[in-house]
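Colleague: Structure below; questions to follow.
The values are calculated or read from the model by the stated rules, or taken from the named source; none is laboratory data. On a predicted model such as this, the values are computed, not experimentally measured, just so you know. Here the Cβ positions follow ideal geometry from the backbone for every residue, glycine too, while neighbour counts run over all protein chains shown. Remember, those area values only see protein heavy atoms, side chains included, never the ligands or the DNA or RNA. Shrake-Rupley method; radii C 1.70, N 1.55, O 1.52, S 1.80 Å.
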Amino acid sequence: MPEKIKILMVCLGNICRSPLAHGILESKLDPTKYKIDSAGTGDYHIGKLPDPRSIATAQKHGLNITNQRAQQFKTAHFDEFDHIFVMDQSNYQNVIKLANNELHENKVKLILNEISPNSDSEVPDPYYGGDQGFENVYQMLDEACNKIAARI
C-alpha cells in the first residue's frame, strides 16, 4: 500500500484557523490516502481544543473538529509532512526560519495562494473578532481546500 500524502495546516496558536483548515481538508480527502494535521507557530495553547468559535463554525458546516488538540510546529514536521500550508506571512516567516534546507522551504506555501496564485493573501486571524470573522475564515479556507483537494 502506498504511503499516505501528509498535509499540515499552520497558524499562530493552532486553535482558530489551522484547525478549521485541518477539518475542512480532511472532510474532502480519502483518509486511507491522506493524513491531515495542524500546528501553531506559538506555544500558547498546546494540548487545548480549538477555539469554541472554530468548533461552532465547523459544526455549522457539518464538521467535528473536537478530536484536534493544539501542538507547536517543530523542525521535525518538515520531514513528516509533504505539504505545509500557512495562514499568513508571519506564520510563513516563522516556519521558514526553522527550515534546514531548500527541500523544507519548498514545502511551505501560503494557503490562499491556492485561490489567487502569487497574491500572498493572508487568512485573517479571527481570534479577537466576532463570529462573522470565523465564518469568513471558513469560507476562504473551504475555497482553498477545494483547490488543494482537486490538485493533490
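Colleague: Which percent of the accessible area of segment 24-132 is formed by carbon and sulfur heavy atoms (probe 1.4 angstrom)?
Modeller: 48
Colleague: Just to be sure I understand: with springs between alpha-carbon atoms less than 10 Å apart, which residue in 126, 19, 50 has the highest mean-square fluctuation in the Gaussian network model of the chain?
Modeller: Comparing 126, 19, 50 in a Gaussian network model of the chain, the most mobile one is 126.
Colleague: Give me the accessible area per residue for segment 61-152, probe 1.4 Å, as a whole number in Å².
Modeller: On a per-residue basis, 54 Å².
Colleague: Related question: Under unit Cβ charges (Lys, Arg +1; Asp, Glu -1), what dipole magnitude, rounded to 20 debye, does segment 72-152 have relative to its Cα centre?
Modeller: Dipole about the Cα centre, nearest 20: 220 debye.
Colleague: Oh, and also: Considering only protein heavy atoms, what is the solvent-accessible area of residue 35 at a probe of 1.4 Å, reported in Å² to the nearest 10?
Modeller: The accessible area comes out at roughly 70 Å².
Colleague: Something else: To the nearest 500 deg cm²/dmol, what mean residue ellipticity at 222 nm is calculated for the chain from DSSP H runs of n ≥ 4 alone, each contributing -39,500 (n - 2.57), summed and divided by the residues?
Modeller: Here the helix-only value at 222 nm equals -12000 deg cm²/dmol.
Colleague: Then there's this: If you place +1 on the Cβ of every Lys and Arg and -1 on the Cβ of every Asp and Glu, how big does the dipole about the Cα centre of the chain come out, in debye to the nearest 20?
Modeller: 320
Colleague: For the chain, what relative contact order do you get, as a whole percent, if you take Cα pairs closer than 8 Å and at least 6 residues apart?
Modeller: Normalised by residue count, the contact order of the chain is 27 percent.
Colleague: Choose one answer from 32, 66, 75: the residue with the largest mean-square fluctuation in a GNM of the chain with alpha-carbon springs under 10 Å.
Modeller: Per the Cα network of the chain with a 10 Å cutoff, 32 tops the list.
Colleague: Rounded to two decimals, what ratio of Rg to Rh does the chain give with C-alpha atoms and a Kirkwood Rh?
Modeller: That ratio equals 0.93.
Colleague: Another one. With a ≥ b ≥ c taken as the square roots of the eigenvalues of the C-alpha gyration tensor of segment 96-152, please select rounded if a/c is under 1.5 and otherwise prolate if a/b is larger than b/c or oblate if it is not?
Modeller: Judged from the Cα gyration tensor, segment 96-152 comes out oblate (a/c at least 1.5, b/c at or above a/b).
Colleague: A follow-up question, please. Of 96, 121, 83, whose Cα points farthest to the positive end of the dipole of the chain (charges on the beta-carbon: +1 Lys, Arg; -1 Asp, Glu; origin at the Cα centre)?
Modeller: 83
Colleague: Would you mind checking 6/74; 6/109; 60/109; 4/97 for any pair whose Cα atoms are more than 21 angstrom apart?
Modeller: Those over the limit are 60/109; 4/97.
Colleague: Same structure, new question: From the Cα gyration tensor of segment 1-79, with a ≥ b ≥ c the square roots of its eigenvalues, which class applies: rounded if a/c is under 1.5, or else prolate if a/b is larger than b/c, or else oblate?
Modeller: Oblate shape, in that a/c is at least 1.5 and b/c is the bigger or equal ratio.
Colleague: How big is the accessible area of residue 90 in square angstrom, nearest 10, if you roll a 1.4 angstrom probe over the protein chains?
Modeller: 70
Colleague: At 1.4 Å probe size, put 151, 53 in order of accessible surface, largest to smallest.
Modeller: Solvent-accessible surface, decreasing: 151, 53.
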